[in-house]
Amino acid sequence: MIHLPRHVLLSLLCLLTFAGRASAECAWVFWQEFTGPLSNASSMVTVSAWETKQACEQALSKKVSSDTESSRKDKDNNVTVDYMAGKPRVWVQSKGRPDLITTSTYVCLPDTVDPRGPKGR
């Protein structure tokens, strides 16, 4: 068996310890899915990234409030907020054209998860 000097063993042990910690840490990504009224096609975009889930969810709450307030200021819209599968969703419906509805769904996910699915060739 090969005997390595103590400083080499100590260096390897430190390297493995720090590598393990780095892989255990995870960033959180705030996603918004927007569905427009004319095509009903949706698009998923990143809004921001955060170091913790709590920080991401705080940003999400602020965005839902902001989007809801700005839509309600327009007197030609009806605004509803619901929670589809635990995710906040903002519905904006035109009073003059009830068939024109936009929705925005918000979610925080670990940076290892892409809600758009796998990328194919």
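Things worth noting here:
- For the range 62-76, the Karplus equation 6.51 cos²θ - 1.76 cosθ + 1.60, evaluated at θ = phi - 60°, returns couplings of 5, 5, 4, 4, 5, 5, 5, 4, 5, 6, 6, 5, 7, 5, 8 Hz by residue, with Gly and Pro reported as x.
- Residue separation of Arg72 and Thr102 scaled by 0.36 nm, minus their Cα-Cα distance, works out to 9.4 nm of gained length.
- For the range 39-121, the share of accessible area belonging to carbon and sulfur comes to 49 percent (1.4 Å probe, ligands and nucleic acids excluded).
- Set of aspartates and glutamates with alpha-carbon distance to Lys62 below 18 Å, sequence-local pairs under 8 removed: Glu33, Glu51, Asp82
The values are calculated or read from the model by the stated rules, or taken from the named source; none is laboratory data. All values reported here derive from a predicted model rather than from experimental measurement. Ligands, DNA and RNA are excluded from the accessible area calculation, which covers all protein heavy atoms including side chains. Shrake-Rupley method; radii C 1.70, N 1.55, O 1.52, S 1.80 Å.
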